[in-house]
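Shown next, in structure tokens, is the structure this report addresses.
Readers should treat all values here as calculations from the given coordinates under stated rules, not as data from a laboratory. Values in this document were obtained by computation on a predicted structure and should not be read as measured data. Cβ sites come from the backbone with ideal geometry, for glycine too, and all protein chains shown count toward neighbours.
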Amino acid sequence: METTQRKKLVASLLSASKRVAKKEAEIIRAEEDLSPDFIYTHLKTYIFSKFMLSDACAEENLMELASLSLQRTMKLDRKMIRELDQAAPCDHATSESTKKVLLLYAIQQDLGIRPNPVDLTTAETVRTLASVVYNALIDARQEGDV
């Protein structure tokens, strides 16, 4: 595939990913009768979209999902990513952890929430993150912020 075609394909995939994530965030924000399962279902689609992963992926661990996303987008195997990250000067932050942090930031921005920072950063799975998001949305609605 030529470089120009590849750039167009990547731009198209990124655009589609952003559209799906935006739609899922809107669905979550618009839901009047929130439930943990509702949040989990739509947050999972949001995350998989942001990470450009297939819904068929069974992984739940956020760091593993970040790694799978990097593998897919960089076309590198996990070992290669880890080896490349060893040379990273950013206070030893790995690409996986950076990707997770950016995801957590995007969730806060897109949903207009301010979850407990400790709960947010210690969430290791999609399910636990969905619980944190659910609680933050309930709190925000009670305070009239959302």
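Run the quick spin-label model on Ser97 and Lys23: label points 7 Å from Cα toward the beta carbon, then report their separation in nm to one decimal.
3.5 nm
Put a dot 7 Å past each Cα toward the Cβ at Ser15 and Thr125; how far apart are the dots in nm?
Output for this residue pair reads 3.8 nm.
Please compare each pair in Lys7/Lys100; Lys23/Lys99; Lys8/Lys44; Lys22/Lys44; Lys8/Lys100; Lys8/Lys99 to a cut-off of 18 Å on the Cα-Cα distance and tell me which ones are over it.
Result: Lys7/Lys100; Lys23/Lys99; Lys8/Lys44; Lys8/Lys100; Lys8/Lys99 exceed 18 Å.
Could you tell me the largest-minus-smallest coordinate of the C-alpha atoms of the stretch 6-63 on each of the three principal axes, in descending order and whole angstroms?
For the stretch 6-63, the Cα spread along each principal axis is 42, 25, 17 Å.
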